[in-house]
Structures are given as C-alpha cells and as structure tokens.
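Below: one structure, written as structure tokens.
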Amino acid sequence: MDEIIRAVSADGFVKLSVITARDTVQRANAIHRCSPTAAAALGRALCAASLMGDQLKEETGTLTIRINGGGGLGSVIAVSDSGGNVRGMVGDPSFDLPPRADGKLDVGGAVGKAGMLTVSRDIGLRQPYVGSTELVSGEIAEDLAAYLVESEQIAAACGLGVLVDTDRTIRAAGGFIVQLMPGAPEARITALEDNIFYMDQLTTILDEDGPEEVVAQVMKGLQPEIAERHPVEYRCYCSRERVRAALLGCGADALREMIDAGETIAVSCQFCDADYSFQPAELLELLPEAEA
C-alpha cells in the first residue's frame, strides 16, 4: 500500500515525511507508457509533489510542481491534492537515454538543467502562490531541496528514487523530505547530515524493508516518533462535467464552428487514460448556455 508517514524527533527539532509510492508511479507509468528514464523522472516528481501537497493546510488546496530543464523529456508536471494524492505527465514519455557510467538511469540528462523548477500552491485565493528556482542538476531531489532553501527559506534535505525493473514495471518508488526547525542545535544538524550520507540507497530500503526503515535510518539517534500515516494514490479529478465546462469556456463562436464541422469532439485527459466525446447534437445543447 502506498502511504505517507510523518515523524518528528523527540526534541521537536527535526520533522520528516516519507512516501512509498510504487503503485502510484506504476499507474502513471502505465498511463503514459513511459521509457525507464521518463518513468523515473515522472515518479520522482510525483513523490515530491505528494510530500509537499500533504503539507497543505487547506482541505481543497492543490500543489503543482513543473520542471523544464531543456532536456529531451520536455516538461515534467506533477499535481497533488492536500491529502498527497497525485497525478502527472511528462512532455515526451518515450524519450530515453542510456544509463550513466554508474549504471543508474540518467534522469538529470533527460530532464536537463537549463531551466526552472516551479511550485504553485492554489489555496483558494484569487491568485496561487508561485515560487521558482533555477535547476541545479535535473535530478529533481537536489533541485527540490534548493527550491525549499532559496524560495521558501526552509532548511531541508530531500531524497527521491524510482527503481524500474527489467520488464519496465516499477519495483520501488518513494522519497523523503526532512526539515530542521528554527533553533536546531549544531549537533542535531551534524547527526542528520551523517545519517543521510551513510544511509542505504533509498530504493533498496523501500524495496527490501519499507518506509519505516527510511524513518529509522534518516533519524537514527534522534528518537523519532511517528506522528501520522495515511494512504495515497494516483488520483485524477477529470470528469465529463469538467470537460463540458471547458467546452463552454471556449465561447459561443468556437462552439458554432465545432457544430458546423459536424464532427464528434473527442477530448483525452492529459493526466489519465480517460476519453470523453461530445456529439454535434450535444454541442448544440451547450450553445444557449455559452451565448448567455
């Protein structure tokens, strides 16, 4: 089961969120028919968005991460609700690169680093809050950590990983964001840095031991207490009603052109595998509302 676990150190100076998301990333992988590198990039972005979206206080809030580094994948987009449920897409899911010299997928090369990471929070105000930073490596975890420090002034470290099996299915996926609270003593900072440096590979931990072991290794010696855990999933909010509203938003003139063409309008959701179609007669029914 995919889930997010929140933990805090006994002294309250360190907060950690961990996600295990194999099924979520596999769902995205199946929808978009990703290459291994594209699956890893999209999966990392989904995990990052889920961890950050889960921290929204507004029940109807959403958080969107957009990454475009000029690489062959194009834009990588992940959207989370306030419960950490996510959906996402990648510009060219078929794009792939050979593995790096160390055998790992070349996510940084496929994403590129000549661009920006942008985070948008929509909490129901007139305009969403938008922050962005230049990409550091295109590997996403480093870029997100840089964003948190530079744009939101949050002392944080981030780890993200996706393990793609030989049959191109997702074997393990997940990540963590650890934050230091103001006033954290230097000893706590040093201990946390050492724990992250010496911990096992993230996807290996998730594949063999589960998210609780991520908590144990990241917060070794800090007496972590699990404060909350809950399930998350790949969840798209598209519907026929939303597509209908989008068609109305095109305006009466555009609707008349569609009706005059006499063809069925087919709309595919960019985040999931849902298709919606509207016959000319159905468009005609929408016209009075659009004119009004």
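So which residues in the stretch 213-228 are closer than 16 Å to residue 2 by Cβ and surrounded by fewer than 16 Cβ atoms within 10 Å (Cβ to Cβ), if there are any at all? Across the stretch 213-228, the qualifying residue is only 228. Note on the stretch 206-292: enclosed helices (runs of 4 or more DSSP H) holding 2 or more residues that are closer than 23 Å to residue 28 by Cα and modelled with pLDDT under 95 are 240-249. Residue by residue through the stretch 10-49, note down the ones that are in contact with a Pro (Cβ under 6 Å, 6 or more places away or on another chain) and of a type in the set (Ser, Thr, Tyr). Correct list: 20 only.
Taken across the stretch 180-199, residues that are within 17 Å of residue 55 (Cα to Cα) and either touching a residue at least 40 places away in the same chain (Cβ under 8 Å) or assigned to a loop (DSSP other than H, G, I, E, B) (or both) do occur, with at least one present. The residues in the stretch 72-128 that are aliphatic (A, V, I, L, M) and without any contact (Cβ under 8 Å) to a residue 24 or more places away in the chain can be counted, and the count is 2.
In the set (1) of a type outside the set (D, E, K, R); (2) surrounded by 17 or more Cβ atoms within 10 Å (Cβ to Cβ); (3) at pLDDT below 95; (4) within 26 Å of residue 27 (Cα to Cα), residue 180 fails one condition alone, (4).
So, in the stretch 90-141, of the ones that are in a loop (DSSP other than H, G, I, E, B), within 24 Å of residue 179 (Cβ to Cβ) and in contact with a Gly (Cβ under 9 Å, 6 or more places away or on another chain), which residue ends up modelled with the lowest pLDDT? Ranking the qualifying residues of the stretch 90-141, first place goes to 123. So for the stretch 41-50 (the condition being of a type in the set (Lys, Arg), in a helix (DSSP H, G or I) and either crowded, with 23+ Cβ neighbours inside 10 Å or outside the structural domain of residue 92 (by TED's automatic domain parsing) (or both)), does at least one residue qualify? The answer is yes; a qualifying residue exists.
The values are calculated or read from the model by the stated rules, or taken from the named source; none is laboratory data. This is a predicted model, so every value here is computed, not measured. Neighbour counts run over all protein chains shown; Cβ positions are idealised from the backbone, glycine included.
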